[in-house]
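The values are calculated or read from the model by the stated rules, or taken from the named source; none is laboratory data. Keep in mind the model is a prediction, meaning the values are calculated, not measured. Here the Cβ positions follow ideal geometry from the backbone for every residue, glycine too, while neighbour counts run over all protein chains shown. Please note that ligands, DNA and RNA were not included when accessible areas were found on the heavy atoms of the full protein model with its side chains. Shrake-Rupley method; radii C 1.70, N 1.55, O 1.52, S 1.80 Å.
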Amino acid sequence: MKHIINLYESINSTARNNSDCPPVVLPEEIFFTISIVGVLENLMVLLTVIKNKNLQSPMYFFICSLAISDMLGSLYKILENILIMFRNMGYLEPQGSFETTADDVVDSLFILSLLGSICSLSVIAADRYITIFHALRYHRIVTPRRALVVLMVIWTCCMGSGITIVTFSHHVPTVIAFTALFPLMLAFILCLYLHMFLLARSHARRTSTLPRANMRGAVTLTVLLGVFIFCWAPFVLHVLLMTFCPADPYCACYMSLFQVNGVLIMCNAVIDPFIYAFRSPELRDAFKKMTFCNRYQ
């Protein structure tokens with residue numbers, strides 16, 4: 001985010017005096033390349049689900065929601081690089097009204113990516129829970145129409161929250177609320193997953209009728225959650241350290257990895273589509289059909 005980056009730069013000189021760790025600077029080409037790959041991969045996921053009626057089910061709607069979140073995270077960095085390029089070429093007035101508005105829009109994409117990912121993973125976890133323990137009633141409980149309504153509500157709330165966070169991002173309470181949302185939502189997901197696997201283990205001992213496909217889906221989404229935590233947690237920790245101990249030498253040493261944490265966020269969007277394809281035979285086959293059909297047309 002622009003506001004976080006500006007705050008980081010304002011305290012960087014002070015922190016550097018208290019730490020022997022120089023900031024790690026990565027070429028912008030790395031960010032741009034990873035972002036382009038992330039956008040293309042997740043766009044392919046969306047197109048695959050749209051073009052295949054067999055994949056147009058609630059589960060894949062929720063996966064598309066996560067793909068959109070990942071794509072927004074990659075798109076954020078692409079647009080930011082374009083704005084920086086235009087500013088360096090003199091087409092944008094530094095700190096002008098247009099640049100400020102454009103930065104706010106780009107920052108909103110970044111926040112929307114994080115909020116959308118957390119909410120998408122939450123609804124996927126709930127979907128897997130219903131699939132495993134209410135399999136006979138699943139298609140009556142989770143209909144495509146209800147799934148779309150839930151996603152519309154989620155994304156409306158995420159957009160409103162994203163705009164609010166960007167508008168008041170200079171205030172410490174906003175930063176605290178933003179960073180607190182991450183562990184709270186993840187705690188909910190982890191509790192749901194823990195309850196789900198404990199019940200699955202109990203059911204497996206009593207009966208052997210627990211569908212393997214449903215458990216396979218739960219394992220897949222557990223992997224997605226693990227990758228999400230690995231890629232986003234360093235950035236959230238960076239924001240907390242920057243807010244509460246910017247001058248501490250140990251905090252400053254960790255904050256020197258700011259750009260590395262940014263690369264991890266970009267990598268999340270690249271890794272997720274590989275997890276979909278590796279764990280889902282239906283989606284993998286649809287990928288192959290769409291790729292080869294387009295190649296030979």
Worksheet entry | Of residues in segment 12-37 being over 25 Å from Leu75 (Cα atoms) and open to solvent by 80 Å² or more (accessible area, probe 1.4 Å), the one modelled with the highest pLDDT | Pro22
Practice prompt. Test each condition in (1) modelled with pLDDT of 80 or more; (2) buried (at least 16 other Cβ atoms within 10 Å of the Cβ); (3) of a type in the set (Val, Ile, Thr) for Ile4 and report the one that comes out false.
Written response: (1)
Item to complete: Check Met44 against each of (1) open to solvent by less than 40 Å² (accessible area, probe 1.4 Å); (2) at pLDDT 85 or above and name the one condition it does not meet.
Response: (1)
Item to complete: Restricting attention to segment 211-232, report how many residues are open to solvent by 40 Å² or more (accessible area, probe 1.4 Å) and either farther than 15 Å from Ile275 by Cα or at pLDDT 70 or above (or both).
Response: 9
Worksheet, complete the sentence: Within segment 20-73, the residues that are in contact with a Leu (Cβ under 6 Å, 6 or more places away or on another chain) and farther than 16 Å from Cys267 by Cα are Val24, Val49, Cys64, Ser65
Worksheet item: For segment 189-205, does any single residue satisfy the condition of being more than 17 Å from the chain's Cα centre (by Cα), among the hydrophobic types (A, V, I, L, M, F, W, C) and at pLDDT 80 or above?
Response: yes
Worksheet entry | Yes/no for Thr174 being open to solvent by 20 Å² or more (accessible area, probe 1.4 Å), farther than 22 Å from His195 by Cβ and modelled with pLDDT under 80 | yes
Worksheet item: How many of the residues in segment 149-173 are within 21 Å of the chain's Cα centre (by Cα), aromatic (Phe, Trp, Tyr) and over 13 Å from Gly116 (Cα atoms)?
Response: 0
Worksheet entry | Options Ala125, Ala147: the member that is open to solvent by less than 10 Å² (accessible area, probe 1.4 Å) and modelled with pLDDT of 90 or more | Ala147
Discussion item. Can you report the number of residues in segment 246-262 which are open to solvent by 30 Å² or more (accessible area, probe 1.4 Å) and among the hydrophobic types (A, V, I, L, M, F, W, C)?
Written reply: 5
Response to the item:
How many residues of segment 263-286 are touching a Cys at 6+ places or on another chain (Cβ under 8 Å) and open to solvent by 20 Å² or more (accessible area, probe 1.4 Å)? The answer is 3
Item to complete: Give the residue, chosen from Leu190, Leu181, Leu151, that is in contact (Cβ under 8 Å) with a residue 60 or more places away in the chain, of a type outside the set (D, E, K, R) and closer than 24 Å to Cys267 by Cβ.
Response: Leu181
Fill in: Which listed residue, of Ser169, Ser97, Ser120, is surrounded by 12 or more Cβ atoms within 10 Å (Cβ to Cβ) and without any contact (Cβ under 8 Å) to a residue 60 or more places away in the chain
Ser120
